[in-house]
Amino acid sequence: MLQGVKLKWATEVDIDAMQQAGDTLFDYEVKPERVKEFVNDPRHHIVLAYYNTKIIGFASGFHYVHPDKDPAMFVNEVTVLDVYQNQEIGRQLVKYLIEYSKQLGCTEAWVATEQSNIAARKSYIAAGGIEDKEPIVLLNFEFNK
């Protein structure tokens with residue numbers, strides 16, 4: 001991994017840095033009220049990769065329970081700025097989140113990505129993930145915004 005990269009759990013203190021990363025790193029502009037809601041929810045988790053004072057990557061997820069299952073971690077999103085990719089940052093972010101999920105009592109973690117997203121698939125496999133033999137079908141329910 002790139003020397004000098006520090007991983008840390010996001011808190012409200014990171015709002016400014018997250019906003020500076022903005023839609024270059026996140027899908028959309030970062031909303032401070034959503035950051036506060038996310039980081040203060042004990043089931044939501046986001047680990048940030050800082051290089052100096054700049055966020056260059058993150059992994060987010062949430063853990064959940066179901067009446068007939070033990071807790072599980074859903075890895076929602078992993079992103080590393082293009083210029084810092086292929087330096088094991090994504091892999092380290094995923095490992096950090098997965099190790100934490102074990103501390104939370106999760107018995108498994110899972111993530112979904114597109115077949116065509118070779119970089120993400122390599123990163124997840126390098127972090128210990130195993131691809132399912134049967135491809136999934138993803139269905140979206142879109143609502144008016």
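Only the coordinates and a few stated rules stand behind these numbers; no lab work does. This structure is a prediction, so every number in the text was calculated from the model and none was measured. Here Cβ is always computed from backbone atoms with ideal geometry, including for glycine, and neighbour counts include all displayed protein chains.
Can you run phi through the Karplus equation (6.51, -1.76, 1.60; θ = phi - 60°) for region 56-67 and list ³J(HN,Hα) in whole Hz, with x for Gly and Pro?
Couplings: 10, x, 7, 9, 10, x, 9, 9, 8, 10, 9, x Hz.
By its C-alpha gyration tensor, with a ≥ b ≥ c as the square roots of the eigenvalues, how is the chain shaped: rounded for a/c under 1.5, else prolate for a/b larger than b/c, else oblate?
Rounded is the answer for the chain, as its axis ratio a/c remains below 1.5.
222 nm [θ] for the chain, helices only, -39500 (n - 2.57) per DSSP H run of 4+, per residue, to 500?
Helix-only estimate at 222 nm: -9000 deg cm²/dmol.
Karplus couplings for region 93-103 from phi (6.51 cos²θ - 1.76 cosθ + 1.60, θ = phi - 60°), rounded to Hz, Gly and Pro as x?
4, 5, 4, 4, 5, 5, 4, 5, 4, 5, 5
Using label points projected 7 Å from each Cα along Cα→Cβ, tell me how many nm separate residue 43 and residue 12, to one decimal.
Simple spin-label model gives 2.2 nm for this pair.
Residue 68 versus residue 87, label points 7 Å from Cα toward the beta carbon: distance in nm?
According to this spin-label approximation, the distance is 4.7 nm.
With the Cα gyration tensor of region 7-65 giving a ≥ b ≥ c as the square roots of its eigenvalues, does the rule (a/c under 1.5 for rounded; else a/b larger than b/c for prolate; else oblate) give rounded, prolate or oblate?
prolate
What length, rounded to one decimal in nm, is gained on full extension from residue 24 through to residue 99, with 0.36 nm per residue of separation minus their alpha-carbon distance?
The residue 24-residue 99 span can extend by a further 24.3 nm.
Mean separation of Cα pairs under 8 Å and 6+ residues apart, divided by the residue count of the chain: what relative contact order is that in percent?
Computed over the chain, the figure is 19 percent.
Kindly write out, for region 105-120 in residue order, the coupling ³J(HN,Hα) from the Karplus curve 6.51 cos²θ - 1.76 cosθ + 1.60 (θ = phi - 60°), rounded to whole Hz, with x marking Gly and Pro.
Per-residue couplings from phi come out as x, 5, 9, 7, 9, 8, 8, 10, 8, 6, 3, 6, 8, 4, 4, 5 Hz.
Separation between the residue 31 and residue 118 pseudo-spin-labels, each 7 Å from Cα along Cα→Cβ, expressed in nm?
In this crude label model, residue 31 to residue 118 measures out at 3.7 nm.
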